[in-house]
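The values are calculated or read from the model by the stated rules, or taken from the named source; none is laboratory data. Bear in mind the structure is a predicted one, so any value in this text is a computation, not a measurement. Neighbour counts are summed over all protein chains in view; Cβ atoms, including those assigned to glycine, are modelled from backbone coordinates with ideal geometry.
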Amino acid sequence: MAQQYAIELKGITKTFGSVVANNNVELNVRPGEILALLGENGSGKTTLMNMLSGIYKPDSGHIFVDGKEVSIDSPEDSKRLGIGMVHQHFKLVDVFSAADNIWMGRDKSGLVLGRDRYDEIENMAKKFGFEIDPRKKVYNMAVSEKQTLEIIKVLYYGAKIIILDEPTAVLTVQEIDKLFNVLRRMKAEGHSIIIITHKLNEVMDISDRVAILRKGEYITTVNTAETNEQELTEWMVGRKIDLNIDRPHMEKTRPLLELRDVSIRSDEGAVAIDGVNFYIRGGEILGVAGIAGCGQKELCEAIAGLRPIEKGQMIHKGENIVGLSPRAILEKGISMSFIPEDRLGMGLAPSLSITDNMLLKKYAEAKGPFVDRKQGKADAEQVIRELEVVTPSAETPVRRLSGGNVQKVLLGREIKAGPNVIITAYPVRGLDINSSYAIYNILNQQKQAGVGVLFVGEDLDVMIALCDKIMVLCHGKVMGVVHAHKTTKEELGLMMTGALDLVHKYEDKPAGLARDTRFGEQNEEG
């Protein structure tokens, strides 16, 4: 007797103009199974899942749910069939509370909001091991809180088939563990789960089988226990990939920026960064590690001039530049590029084309009411070509691109600006292996050109391999700055949780700095 699948796709094809997103794709998921869906950015993973969630309709092919052929014409059809999808880009109403974002999707929510909705949502979240304030407005939430809310929303509606598009991209290690425990419980209860992720270690940890797409076509499905990360990478890319990250050695230069006793507040008024001291050198990548919410976001925004520094100094060539506008800072000789973690919310204008997004940094330079769009298009096409952005054209709105391709456009635009300092927060979050290594190579090229890079990351293996030094934050304080080649993940983990404080371990100061600058934590040995 043929096995009955929870979901089965046969010959699914979807095109957007001349772009073939999916070509004759075959896929199946068993009841009580976790299937990982792998592929490079633009390989058609999200498009395929969007046809299950009712956002797109296939041009041809058949969809079966529990052995019966179905037609999914809308998200309501998908919900009725017990399919729930957590999207990579949030679909939340910013001015609503967490509870109201969930409550408004009920079939019979009515015009009157139930007074017990807060307790109901909070109890449901605790049942699955999540922590969330049901009264908190979405616009006050960190990125990780928004992602958690999206996951809780799908769980609340009780879907039997759950699709997770990069669910761990913005979660801490602890939150990922909680999520995976939830998924394992759901699997044991008979739920079918499809998880799209680029993190191969997560694939090996959580999945039962792995399906691979390449350039919109189905390649193979393998049992997780019978494969390895190197083999999966080769199937994804179509060739062997060297998984080693280069760390070119550069001669030390004077710091481009020094932060002295800097304190910064969060949007809620709490102290996010508390009296930190460090510097950014040219030709060096300084990593910033810490559990999510330890002040990384506020630190990056403050250095970029987007958030006020409450106390302390930011020194360039002996002059304090705190309080200066980004234009005034540029006139002082510091050209900064900021690549935020919220790519579409802060980094790019989603409704504008790639060309127009390339031009966003050039409007201030225009001598009249118009900008040189011809040059903007040439820049966009160069970024598309060099970073291998998958897009129909330079005139495509960035909201239509996959998450990884959005990041490539953002990084490409910031590099084109010719910075001497790059502030980047989670630059490879959501990117496939091939694209991630392309980004690492770009950052190394900038380092070799004398650019100073502040790299906020979450993958400690990557940070140890890529960065020259790593600064660890815990509750807004610096626990220490260590040489990447002399540390371990275990040491970094202890510092991230506050169990180890190396801030007073080193007492020497880099040559040429003011004697009263407290740089004891930024060791210059070796």
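Consider the range 281-331. How many of its residues are β-branched (Val, Ile, Thr), at pLDDT 85 or above and within 25 Å of the chain's Cα centre (by Cα)?
Counting residues in the range 281-331 that are β-branched (Val, Ile, Thr), at pLDDT 85 or above and within 25 Å of the chain's Cα centre (by Cα) gives 3.
Considering each residue of the range 8-34, count those that are in contact with a strand residue (DSSP E or B) (Cβ under 9 Å, 6 or more places away or on another chain) and of a type in the set (Gly, Ala, Ser), and give that number.
Looking only at the range 8-34, we keep the residues that are in contact with a strand residue (DSSP E or B) (Cβ under 9 Å, 6 or more places away or on another chain), and these are 8-15, 20-34.
Restricting the remaining residues to those that are of a type in the set (Gly, Ala, Ser) gives 11, 21, 32.
Residues in the range 8-34 being in contact with a strand residue (DSSP E or B) (Cβ under 9 Å, 6 or more places away or on another chain) and of a type in the set (Gly, Ala, Ser): 3 in total.
Could you list, in sequence order, the residues of the range 185-208 that are of a type in the set (Ser, Thr, Tyr) and part of a strand (DSSP E or B)?
Hit for the range 185-208 is Ser192, nothing else.
Going by what's in this entry, would Ser402 be described as farther than 19 Å from Pro248 by Cβ and surrounded by fewer than 22 Cβ atoms within 10 Å (Cβ to Cβ)?
It is false that Ser402 is farther than 19 Å from Pro248 by Cβ and surrounded by fewer than 22 Cβ atoms within 10 Å (Cβ to Cβ).
Rundown of residues vs (1) assigned to a loop (DSSP other than H, G, I, E, B); (2) crowded, with 16+ Cβ neighbours inside 10 Å; (3) in contact (Cβ under 8 Å) with a residue 60 or more places away in the chain, yes/no style:
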| site | (1), (2), (3) |
| --- | --- |
| Arg327 | no, no, no |
| Ser337 | no, yes, yes |
| Glu341 | yes, yes, yes |
| Leu344 | no, yes, yes |
| Ala349 | yes, no, no |
| Lys361 | yes, no, no |
| Lys374 | no, no, no |
| Leu410 | no, yes, yes |
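Spot the failing condition for Ile7; the list is (1) in contact (Cβ under 8 Å) with a residue 24 or more places away in the chain; (2) closer than 30 Å to Leu387 by Cβ, and only one is missed.
Evaluating Ile7 over (1) in contact (Cβ under 8 Å) with a residue 24 or more places away in the chain; (2) closer than 30 Å to Leu387 by Cβ leaves (2) as the failure.
Report yes if Glu268 is acidic (Asp, Glu) and modelled with pLDDT of 85 or more, otherwise no.
no
Kindly establish whether Arg214 is of a type in the set (Lys, Arg), farther than 22 Å from Lys14 by Cβ and either surrounded by 18 or more Cβ atoms within 10 Å (Cβ to Cβ) or at pLDDT 85 or above (or both).
For Arg214, the condition - of a type in the set (Lys, Arg), farther than 22 Å from Lys14 by Cβ and either surrounded by 18 or more Cβ atoms within 10 Å (Cβ to Cβ) or at pLDDT 85 or above (or both) - is not met.
Looking at the range 72-108, which of its residues are outside any helix (DSSP H, G or I), more than 24 Å from Arg400 (Cα to Cα) and either more than 27 Å from the chain's Cα centre (by Cα) or basic (Lys, Arg) (or both)? Even if it seems obvious, please write down each step before you answer.
Kept after step one, since they are outside any helix (DSSP H, G or I), are these residues of the range 72-108: 72-74, 81-97, 104-108.
Checking the rest, the ones that are also more than 24 Å from Arg400 (Cα to Cα) come to 81-82, 95-97, 104-108.
Leu81, Gly82, Met104, Arg106, Asp107, Lys108 - these are the residues of the range 72-108 that are outside any helix (DSSP H, G or I), more than 24 Å from Arg400 (Cα to Cα) and either more than 27 Å from the chain's Cα centre (by Cα) or basic (Lys, Arg) (or both).
Given the structure, is Cys300 surrounded by fewer than 24 Cβ atoms within 10 Å (Cβ to Cβ), part of a helix (DSSP H, G or I) and either in contact (Cβ under 8 Å) with a residue 40 or more places away in the chain or of a type outside the set (Asp, Glu) (or both)?
The answer is yes for Cys300.
Between a first residue in the range 248-268 that is at positive phi and in the same structural domain as Asn444 (by TED's automatic domain parsing) and a second residue that is modelled with pLDDT under 90 and assigned to a loop (DSSP other than H, G, I, E, B), which pairs have beta carbons less than 9 Å apart while being 6 or more apart in sequence or on different chains?
Short answer, once both residue conditions are applied: Asp261/Arg518.
Within the range 433-511, which strands (runs of 3 or more DSSP E) (wholly inside it) include 2 or more residues that are over 18 Å from Pro248 (Cα atoms) and at pLDDT 90 or above?
Result: 469-474, 477-483.
Report every pair of residues separated by at least 6 positions or lying on different chains whose Cβ atoms are under 6 Å apart, first residue within the range 178-193 and in the same structural domain as Met204 (by TED's automatic domain parsing), second at pLDDT 90 or above and in a helix (DSSP H, G or I).
Within 6 Å, the pairs are Phe180/Ile206.
Please verify whether the range 277-295 includes one or more residues that are crowded, with 22+ Cβ neighbours inside 10 Å, β-branched (Val, Ile, Thr) and out of contact with any Leu (no Cβ under 7 Å at 6 or more places or on another chain).
no
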